[in-house]
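These notes concern the structure reproduced below.
The values are calculated or read from the model by the stated rules, or taken from the named source; none is laboratory data. Computed from a prediction, not measured in an experiment: that's the story for all the values here. Please note: Cβ atoms are built from the backbone with ideal geometry, for glycine as well, and neighbour counts cover all protein chains shown. For accessibility, only protein heavy atoms count, side chains too; no ligands or nucleic acids. Shrake-Rupley method; radii C 1.70, N 1.55, O 1.52, S 1.80 Å.
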Amino acid sequence: MKILIGTLGSHGDVLPFLGLAETMKARGHEVVMVADVHFEPHVRAAGLGFAPMASAGDYERLLRAADMSDMRGAMTLLSSYVADRTPEVHAALKAQLEPGNTVVIGSSLMFGARLLRDTHDVPLATVHLAPAVFRSRHESPRVTGIDVLSWLPGVFKEMAWSLADRFVLDPGFARPLNEFRASQSLPPVDHVMRDWIHSPDLVMGLFPEWFAARHPDWPAPLELTGFPLTDLDRGDPLPASLAAFLADGEAPIGFTAGSAIATAADFYAASAQACARLGRRGLLITQFPEQLPERLPPGVIHVGYVPFSALLPRLAAFVHHGGIGSTSQALRAGVPQLIRPVAVDQFDNARHVTRLGVGRELLPRHYTADKAAIALDALCKDVALKARCRACAPRVQQPSLEWSCDVLLQRLTPLLLKTAATASPSAEDSSYRITRS
C-alpha cells in the first residue's frame, strides 16, 4: 500500500516518524513523508518520498522567534504556525493520494492529516509521542511548573480543561481550523485538542505503559507501543574532536535546551558556570552557537547535533528540557537526568521521570549557575538514583518501531480494504469522497 506520514515540529518530533517511515519502506510499502522542507535531506537520505509543507527558511525563522519561557506567546506562535501549515499539509497529502490504496499516519498537530480523513475518508492513525496530549479526570497531564490539576477532583479537572479550551486553545487552534473546514464544506468542530485531534480509526502513543499508565477515559481505539528511540545515527563514529574530548578525562555533563530552541542563552551561560563551580567537564549541545557565551570555561566545549544513542551512555549526567525524545534516550542510556522543563509536554515528562526516581527537576526560574551546580552535585553523588537508572535502562533497550508498524498495519489495512471495496471515483475528479461501510 501507499503510506503517507505527516509530522510537524523539530527533530524530536520528526525523527520518530522518519523511523516509522523507514520501517514501513523496509516491509515493501511505498512511503511518502510530509514535513517541513528543513528535513528533506534526511528523508531523501533514507530513500523515502518527500512532499514539503513549507518554504525554505520558515522552520528556522520559527525557532529563532520562539521564546518558550513566555507560555502565552509561545502558544500563539505555535497555533499560528499550525494554522498556516494546515492547508499546505492537506493539499500535499491530497496530491499524493491513491484512491483505495492509501493510508495516512499523522502526528498530534498534523491537522491536515486529520482533515484528509474528514474530506476523503482515508484511514488515519494519529500518533502521539508523549502522554501529555491525553487528558483524564483521573490524572491530568502536568502543563505548568505548578502541578495544580493533579490535586483537583475529576469534575474540577474537566471544568478547568473546558475553560482552557474556550479561552485559550479553541481561539488559537479551532478558529482558523474551522475557517478552512468551511472552505471544504465541513461543519465546525470545537474542543479540538480534547477530541478532534484523535483519529476515530486508531490512536497510538509512542511510549510504554510503565512510563505513563493509561486511564480508562483516554481515547479509543488506543495502542501504546513504546519509545521509538530514533536519531540520525547511521553507524558513523562520533566527530573526532568530540571522541578525543570524551577520552581525555572523566565523563562530562551534557547540556541541551532542545533542538527547537534558539533563545536559551541564559541556560547555556548558567550551565557553563555551573561546570566551572563544580570543577567538572561539560558539553554544551546546540545547533545555534550564537546562544553560547563568548568564552567557555576550561573543560567545557560546544558541539552541534550529536546522536544521543552514541553520546548519552558516555555522560556523567544529562541536563535537558524534558522533550520526550531526549527523555527516552536518557532512560535507555541509564544516565541521571536533570530536567529543566519550559513548555508543552516537558513538565509532564519531568513528572514521570521523577516518579521513576531516575532524575530531578529544576524549573527555569531556579536555574542559575549556583542552583544548577548544587543540583548536579547532588545528582552525580546519588548512588541510589544511579542504581535506579541502571535498572531502568534494560526496559528501553529495544526501539518499538517494528511493533508500532505491526499495530498500524493490522488496524489500518482492514479499513483500507473497506474503502477500496466501496470506492467509485470519477476518472475526471481526483478529489472524490469515499463512504466507508
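Quick look at the numbers
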read-out: Selected from VAL168, VAL82, VAL31 as most flexible by GNM, with the chain as the system and alpha-carbon contacts under 10 Å; value: VAL168
read-out: Against the rule of thumb 2.2 N^0.38 Å, how large the Cα Rg of segment 98-188 comes out; value: 1.33
read-out: Table column - 3J(HN,Hα) (Hz), segment 411-418, Karplus curve with 6.51, -1.76, 1.60, x for Gly and Pro; value: 7, 8, 4, x, 5, 5, 4, 5
read-out: Global form of segment 140-233, assessed from the alpha-carbon gyration tensor, a/c cut-off 1.5; value: oblate
read-out: Per residue Cα convex hull volume in Å³ - calculated over the chain; value: 140 Å³
read-out: Segment 168-243: trypsin sites (Lys or Arg not before Pro) in DSSP coil with no more than 16 other Cβ atoms inside 10 Å; value: ARG214, ARG234
read-out: Aspartates and glutamates with Cα under 12 Å of LYS418, excluding same-chain neighbours fewer than 8 positions away; value: ASP121
read-out: In segment 137-229, GluC sites (Glu not before Pro) in a DSSP loop with at most 13 other beta-carbon atoms within 10 Å; value: GLU209
read-out: Neighbour net charge for ASP382 - beta-carbon separation under 11 angstrom, K R +1, D E -1; value: +3
read-out: For the chain, built as a Gaussian network whose Cα springs stay under 10 Å, the top-fluctuating residue of HIS128, HIS320, HIS29; value: HIS29
read-out: For the chain, accessible area per residue (1.4 Å probe, heavy atoms of protein chains only), Å²; value: 41 Å²
read-out: Fraction of accessible area attributable to carbon and sulfur, the chain (%, probe 1.4 Å); value: 55 percent
read-out: Normalised alpha carbon radius of gyration of segment 325-391 [divisor 2.2 N^0.38 Å]; value: 1.06
read-out: For segment 215-333: Kirkwood Rh in Å [reciprocal of mean 1/r, alpha carbons]; value: 15.5 Å
read-out: Karplus-derived 3J(HN,Hα), 6.51/-1.76/1.60, for each residue of segment 123-134, Hz, glycine and proline x; value: x, 9, 10, 8, 10, 9, 7, 9, x, 5, 6, 9
read-out: HN-Hα J in Hz across segment 32-44 - Karplus 6.51, -1.76, 1.60, θ = phi - 60°, x for Gly and Pro; value: 10, 9, 10, 7, 4, 4, 4, 9, 4, x, 5, 5, 5
read-out: Long-range amide H partners of LEU224 with built H, under 5 Å; value: GLY205
read-out: Cut-off 12 Å between beta-carbons: net charge of the residues surrounding GLY145, Lys and Arg +1, Asp and Glu -1; value: +1
read-out: Sum of -39500 (n - 2.57) over DSSP H runs of 4+, divided by residues of the chain (222 nm, nearest 500); value: -12500 deg cm²/dmol
read-out: Mean Cβ neighbour count within 10 Å, used as a protection proxy, ranking 242-250, 142-150 highest first; value: 142-150, 242-250
